[in-house]
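Notes to accompany the following structure.
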Amino acid sequence: MDPELPKVCFDLVIVGAGVAGCVLASRISHARPHLRILLLEAGVDKDDRVLPTLGIMGGFDSTLEWNYRSVPQARGFGGEVVNLTSGKIVGGGSAVNYQTFTRGPAVDYDQWAELVQDPRWSWSSLLPYFKKSETWFPSADLRERGLPTADAHGQDGPIKVSHATNSGRPRNYPLREKSRRFHELRGCQHALDINGGQPEGYAEAFNSTYEGLRSYAAGYVLGANVTLWTQSLVEKVVVDGGAAKGVVVLRSVGDAHERVYVEASKEVILSAGAQSSPKILLLSGIGPAAELAAHQIRPVVDLPVGRNYADHPAIFTYWAIDLPNAVLGDGEMQGPDLDWTAGLPYDWISFAPADQATRELARQTLPADRYQRYSAEGKLQVEAFTVYTSVDTCTRTPLARGWPGKRVFSIAHILVDPISRGTVTLRSADPAEPPILDPNLLASPVDRSALYECVRSCARAIQEVEGLHAVEWGVEDALCGDWSDEAIESRARKMGSGTVFHPSGTCAMGQVVDGDCRVLGVEGLRVVDAGVIPIPLAAHYQAPMYGVAEQAAELILGDV
Ligand SMILES: Cc1cc2nc3c(=O)[nH]c(=O)nc-3n(C[C@H](O)[C@H](O)[C@H](O)COP(=O)(O)OP(=O)(O)OC[C@H]3O[C@@H](n4cnc5c(N)ncnc54)[C@H](O)[C@@H]3O)c2cc1C
């Protein structure tokens with residue numbers, strides 16, 4: 001530590017006010033009002049643009065994101081870079097995300113618990129924490145059936161989680177029944193409740209939204225003993241004698257910057273997200289020895305930080321229809337019969353195992369234990385849903401012109417159980433530099449096979465929906481009607497595909513942190529964010545992270 005730096009002292013220092021950071025700061029501050037807690041966030045405190053459900057969403061170069069890009073992705077994306085943005089504001093990803101709320105299958109958590117030999121991370125152990133985070137607004141259908149899945153849901157948590165048919169204001173999307181038919185034609189069965197641990201099939205989608213407003217991590221109220229510093233970039237953790245002593249922060253004060261040393265008398269907790277927490281660890285000397293040496297960083301402990309990086313690759317296809325006022329952007333936003341501002345423009349979401357040919361390929365090519373995990377009962381590899389507008393998560397082409405103003409909707413095809421793993425590494429020892437992000441998307445032939453077959457089956461089904469007459473939109477003539485692997489890869493390369501922004505695994509439990517989220521070999525230092533998830537979950541990651549952070553808060557309370 002530079003003895004010249006001004007020094008301030010707190011008991012607990014939490015780095016990153018995203019999903020996990022907000023949950024931890026809130027729960028710990030209320031349970032331990034005597035602790036002095038500092039919550040550090042690189043972004044701003046608030047921005048009204050994120051509040052409406054259809055307000056700002058990441059991926060569009062706003063000032064509220066880390067506008068990270070991948071290195072060129074050789075497989076699946078033909079050497080293109082993809083957008084890997086993440087939230088940079090109090091609330092983190094939950095402030096800029098698309099508000100899909102899915103926990104994933106019970107088997108994923110059970111495999112996580114088995115992998116790290118710690119039953120606290122199984123589905124049944126995490127369920128009370130999932131419930132604690134949410135206030136549930138169940139669908140009309142579930143209410144008519146007497147709420148058979150009420151036991152899986154919370155009634156008074158900070159995050160409002162609603163179904164399309166119960167989100168505060170009627171939505172009545174014109175394509176609802178045709179979209180349901182699309183899922184049926186794909187062979188999906190209707191699942192009552194996609195968040196009850198058995199999400200296979202199609203079900204009404206859950207969103208963290210109510211009455212046209214985003215419900216996000218900033219809704220976790222902080223105790224009076226929390227000091228929040230925004231626009232404060234944590235550069236590194238100071239480790240001395242094998243223990244974390246504090247952090248170095250570059251803080252904005254008015255128009256100037258001030259570098260400060262914050263001493264932590266009890267603990268430092270990194271919740272900077274799966275891309276930034278590994279960067280901070282590496283800059284602190286915690287990571288692969290060779291990488292630290294290459295950047296002349298004093299080594300503290302040799303751990304596989306930044307390895308095991310997973311994300312969910314996504315391919316979007318676009319479909320033109322000739323039905324007036326059926327998609328967002330064609331007609332009024334708000335009218336007596338239809339209100340696009342009331343929620344997200346979709347109704348259903350579906351999860352399915354990989355097709356038979358992919359499973360056979362997996363059997364032939366994966367190591368036995370990996371195949372066993374892949375093919376276990378309840379595992380789901382692909383997700384698909386229609387969105388009643390044209391979505392482009394990469395803004396790689398002028399396609400965004402289609403939103404709004406065209407009668408075009410999208411199908412999202414997402415690989416939720418990828419085999420491929422990538423790396424987060426340092427570009428340099430300068431904390432101001434972004435990390436090098438290589439998610440290595442679709443590197444495994446098993447991944448390509450699963451996702452491409454999902455795209456094919458969706459293309460078949462959407463064209464069979466009675467009365468829809470959907471025609472693929474936005475592709476060059478040579479690709480029209482061609483659903484070969486090569487043609488799908490070409491679509492992915494040229495159109496708005498990439499990932500759905502679910503980085504995980506870069507500080508994996510069992511490899512970098514223990515079951516209490518403590519960094520191995522360093523005292524007084526934990527990581528609590530999506531980086532600790534050791535295997536991909538067939539979920540969108542905010543719901544898992546609320547539950548993971550709720551449990552981590554209790555673990556930390558056991559020690560402070
Ligand atoms: C555009 C987009 C769309 C998404 N859509 C969905 C969706 O529909 N449904 C869903 O479930 N999930 C979605 N996600 C993913 C979800 O939001 C994340 O998985 C979740 O927010 C991860 O939580 P976290 O606590 O790990 O990190 P984050 O919520 O990302 O929080 C990390 C925080 O740390 C701060 N930080 C980083 N580095 C530093 C530093 N050096 N110093 C100080 N602060 C720092 C960041 O600014 C950020 O606020 C989306 C994400 C994005 C970006």
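Within segment 26-41, can one find any residue that is in contact (Cβ under 8 Å) with a residue 24 or more places away in the chain, closer than 30 Å to SER497 by Cβ and open to solvent by less than 50 Å² (accessible area, probe 1.4 Å)?
No; the residues of segment 26-41 include none that is in contact (Cβ under 8 Å) with a residue 24 or more places away in the chain, closer than 30 Å to SER497 by Cβ and open to solvent by less than 50 Å² (accessible area, probe 1.4 Å).
Residues are listed down the side, and each one gets a yes or a no for (1) away from the ligand (no atom under 11 Å from the Cβ); (2) open to solvent by less than 10 Å² (accessible area, probe 1.4 Å); (3) over 30 Å from GLU200 (Cα atoms):
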{"residue": "LEU51", "(1), (2), (3)": "yes, no, yes"}
{"residue": "LYS88", "(1), (2), (3)": "no, no, yes"}
{"residue": "THR102", "(1), (2), (3)": "no, yes, no"}
{"residue": "ALA106", "(1), (2), (3)": "yes, no, no"}
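Tell me whether segment 227-250 contains one or more residues that are more than 23 Å from ILE556 (Cβ to Cβ), out of contact with any His (no Cβ under 6 Å at 6 or more places or on another chain) and more than 10 Å from the ligand (Cβ to nearest atom).
no
Within the set of pairs 6 or more residues apart or between chains, which connect a residue that is without any contact (Cβ under 8 Å) to a residue 24 or more places away in the chain inside segment 333-358 to a residue that is surrounded by 22 or more Cβ atoms within 10 Å (Cβ to Cβ) with Cβ atoms less than 8 Å apart?
Once the first residue is without any contact (Cβ under 8 Å) to a residue 24 or more places away in the chain and sits in segment 333-358, its partners that are surrounded by 22 or more Cβ atoms within 10 Å (Cβ to Cβ) give MET333/TRP340; GLN334/TRP340.
Going through segment 67-86 one residue at a time, which ones are more than 6 Å from the ligand (Cβ to nearest atom), open to solvent by 10 Å² or more (accessible area, probe 1.4 Å) and closer than 30 Å to LEU126 by Cα?
None; the set is empty.
What pairs can you find where one residue is in segment 489-506 and farther than 21 Å from PHE101 by Cβ and at pLDDT below 90, the other is among the acidic types (Asp, Glu) and surrounded by 22 or more Cβ atoms within 10 Å (Cβ to Cβ), and their Cβ atoms are less than 6 Å apart, with a gap of 6+ or different chains?
The qualifying pairs are GLY496/ASP392.
Tell me yes or no: at least one residue of segment 226-238 is acidic (Asp, Glu), at pLDDT 95 or above and open to solvent by 40 Å² or more (accessible area, probe 1.4 Å). Break it down into steps so the answer makes sense when it comes.
Here is the first cut: in segment 226-238, the ones acidic (Asp, Glu) are 235.
Subsequent filtering for residues that are at pLDDT 95 or above retains 235.
Subset that is open to solvent by 40 Å² or more (accessible area, probe 1.4 Å): none.
No, every residue in segment 226-238 fails to be acidic (Asp, Glu), at pLDDT 95 or above and open to solvent by 40 Å² or more (accessible area, probe 1.4 Å).
Of the numbered conditions (1) open to solvent by 20 Å² or more (accessible area, probe 1.4 Å); (2) away from the ligand (no atom under 16 Å from the Cβ), VAL522 fails exactly one; give the number of that condition.
(1)
Can you confirm whether segment 263-277 contains a residue that is more than 15 Å from the ligand (Cβ to nearest atom) and in contact with a Cys (Cβ under 9 Å, 6 or more places away or on another chain)?
Yes, segment 263-277 has at least one match.
Has segment 490-501 got at least one residue that is more than 28 Å from GLY76 (Cβ to Cβ) and crowded, with 18+ Cβ neighbours inside 10 Å?
Here is the first cut: in segment 490-501, the residues more than 28 Å from GLY76 (Cβ to Cβ) are none.
Within segment 490-501 (the criterion being more than 28 Å from GLY76 (Cβ to Cβ) and crowded, with 18+ Cβ neighbours inside 10 Å), the answer is no, since none of the residues qualifies.
Could you check segment 55-92 and list, in sequence order, the residues that are in contact with a Lys or Arg (Cβ under 6 Å, 6 or more places away or on another chain) and of a type in the set (Val, Ile, Thr)?
Hits for segment 55-92 are ILE56, VAL81.
The values are calculated or read from the model by the stated rules, or taken from the named source; none is laboratory data. Bear in mind that the values here come from a model prediction, so they are computed numbers and not experimental data. As a convention, Cβ positions derive from the backbone with ideal geometry for all residues, glycine included, and neighbour counts pool all protein chains shown. Each accessible area value is taken on the protein alone, full model and side chains, heavy atoms only, with ligands, DNA and RNA left out. Shrake-Rupley method; radii C 1.70, N 1.55, O 1.52, S 1.80 Å.
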